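The structure appears right after this line, and notes come after that.
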Amino acid sequence: MDGLVADDMAGLATWDELSAMCDQVNNSVSRIVSPAWTPLEGFVPKIVSRTFLTAKPGKARELTEFLLEWSEEIDIRGNTIVSVSLGGQISAIRVSRLVESLQALEDLNGQIGASPRVQQLTELISEPAIRSVARIIYLNQP
């Protein structure tokens, strides 16, 4: 975020120009708690699924640890990123998944839905999860 306001607001002006072309813009500052990930050979992410979860009072740390453990067990050709917001609701946790296709996302969601861990998840969250799915247009990765 610091880069947006460097250079006499030039970065912010560029961001405003890009935002003007969008129906909706959301800025959030989060801390990624997942371990670093090395992209798979030939992996080109095309879809990002973001699931927003709200922990029950006093359960944010437990939910975060649970999600990190579960993400290691899931068989995915892609990446799972668990992050916590640095602003806003302190019990909010986001799980982002980068995959190569909508079919891969459907397969992943089927795997998650069939997991016995879903019951434990429902015991840690205070409200139903919210999911968004988007097409990745541009990705700057090494």
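The values are calculated or read from the model by the stated rules, or taken from the named source; none is laboratory data. This is a predicted model, so every value here is computed, not measured. Quick reminder, even Gly has a Cβ in these numbers, built from the backbone with ideal geometry, and neighbours come from all protein chains shown.
Annotations for the structure displayed:
- Taking the stretch 89-116 as the range and being farther than 22 Å from ILE136 by Cβ and free of Cβ contacts under 8 Å to residues at least 40 places away in the same chain as the test, the residues that pass are GLN89, ILE90, SER91, GLY113, ALA114, PRO116.
- Test: residue in the stretch 100-107 that is within 27 Å of LYS56 (Cα to Cα), among the small types (Gly, Ala, Ser) and surrounded by 11 or more Cβ atoms within 10 Å (Cβ to Cβ): no
Listed here are the residues, each with its yes/no results for (1) among the hydroxyl-bearing types (Ser, Thr, Tyr); (2) outside the structural domain of ILE125 (by TED's automatic domain parsing).
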residue: ALA13; (1), (2): no, yes
residue: LEU18; (1), (2): no, yes
residue: ASP23; (1), (2): no, yes
residue: SER83; (1), (2): yes, no
residue: GLY88; (1), (2): no, no
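- Taking the criterion of being within 20 Å of GLU127 (Cβ to Cβ) and either surrounded by 15 or more Cβ atoms within 10 Å (Cβ to Cβ) or at pLDDT 95 or above (or both), the residues of the stretch 77-99 that qualify are VAL82, SER83, VAL84, SER85, SER91, ALA92, ILE93, ARG94, VAL95, SER96.
- Strands (runs of 3 or more DSSP E) wholly inside the stretch 14-113 containing at least 3 residues that are β-branched (Val, Ile, Thr) and touching a strand residue (DSSP E or B) at 6+ places or on another chain (Cβ under 8 Å): 47-54, 79-85, 92-99
- The stretch 114-131: number of residues that are outside any strand (DSSP E or B) and under 15 Å from the mean Cα position of the chain (by Cα): 1
- Among (1) surrounded by fewer than 10 Cβ atoms within 10 Å (Cβ to Cβ); (2) touching a Lys or Arg at 6+ places or on another chain (Cβ under 9 Å); (3) aliphatic (A, V, I, L, M), the one test that ILE74 misses: (1)
- Some residue of the stretch 78-88 being farther than 27 Å from VAL25 by Cα and in contact (Cβ under 8 Å) with a residue 40 or more places away in the chain: no
- Top-ranked residue in the stretch 16-69 [being closer than 16 Å to ILE137 by Cβ, touching a helix residue (DSSP H, G or I) at 6+ places or on another chain (Cβ under 8 Å) and aliphatic (A, V, I, L, M); ranked as surrounded by the fewest Cβ atoms within 10 Å (Cβ to Cβ)]: VAL25
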